[in-house]
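Notes follow the structure.
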Amino acid sequence: MLVISGPSGVGKTTITRAVERAVDKAVFSVSATTRTKTRADTDGVDYHFLTDDEFDARVHGGDFLEHAEYAGHRYGTLRQPIEEALHEGLLVILDIDIQGAIQVKDAMPEAYAVFVLPPSEQALLDRLHERRRETEKQIQRRFEIAKREIAQAHTCGAYDAFVVNDELSRAIQETIELVHHRRAKA
């Protein structure tokens with residue numbers, strides 16, 4: 001299992017999708033969320049969109065490998081599809097936040113976890129603005145969360161590697177090489 005984390009706007013989803021395309025027998029795990037579906041989202045592809053009540057029922061049923069709250073919404077990884085994919089010998093890639101990564105590493109210490117870093121705080125703030133998806137207040141909230149996550153990622157012990165996304169193609173290649181190296185050792 002491969003966990004890729006990083007703050008909003010750092011490029012982790014782009015890197016995750018590139019790794020999925022480049023590594024044999026890799027599949028992307030689709031997270032569940034309570035956030036509102038946007039016009040760009042496809043249910044079951046980008047996320048499994050759940051109501052708060054549905055999410056609660058799945059939590060209480062033990063259906064999540066990990067779950068966490070981020071920026072006012074809840075996200076989680078459903079256990080059953082992960083277990084099925086791992087049983088089939090696939091590399092399962094999770095694009096999850098730091099809270100989820102810690103939970104996954106506790107449950108599955110053999111999981112390989114990579115944290116994607118921005119080249120600087122200013123670069124991250126600029127990327128959040130460039131997305132043009134949120135209000136200034138929401139951007140500032142995500143930015144404050146991102147700074148705390150970066151600090152926590154360095155000290156929590158959940159991450160096996162850190163990749164700085166200063167240039168996207170280089171960060172993608174570095175992540176792919178890390179995955180190949182780890183799989184060769186396994």
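General remarks:
- Each principal axis of the chain carries a Cα extent, and these read 44, 41, 32 Å when sorted largest first.
- Estimated at 0.36 nm per residue, the fully extended path between E136 and A184 surpasses their Cα-Cα distance by 12.8 nm.
- When the chain is treated as a GNM with alpha-carbon contacts under 10 Å, the residue of R17, R58, R133 showing the greatest mean-square fluctuation is R133.
- Of all the options A85, A22, A40, the one that moves most in a Gaussian network model of the chain with Cα springs shorter than 10 angstrom is A40.
- Relative contact order (%) - the range 2-185, alpha-carbon pairs under 8 angstrom, separation at least six: 32 percent
- For K137, a cut-off of 16 angstrom between C-alpha atoms picks up these lysines, skipping any fewer than 8 places away in its own chain: K147.
- The separation of the range 119-186 from the range 1-60, counted between C-alpha centres, amounts to 16 Å.
- Label-to-label distance, E54 versus R79, with points set 7 angstrom from Cα along the beta-carbon direction: 2.0 nm.
- Straight-line cross-link partners of K185 among the lysines, defined as a Cα under 30 Å from its Cα and at least 8 positions apart when in the same chain: K12, K25, K105.
Read the figures in this text as sums done on the coordinates, not as results from a lab. As the structure is a prediction and not an experimental result, all values here were calculated from the model. Reconstructed Cβ throughout: ideal geometry from the backbone, glycine too, with neighbour counts over all protein chains shown.
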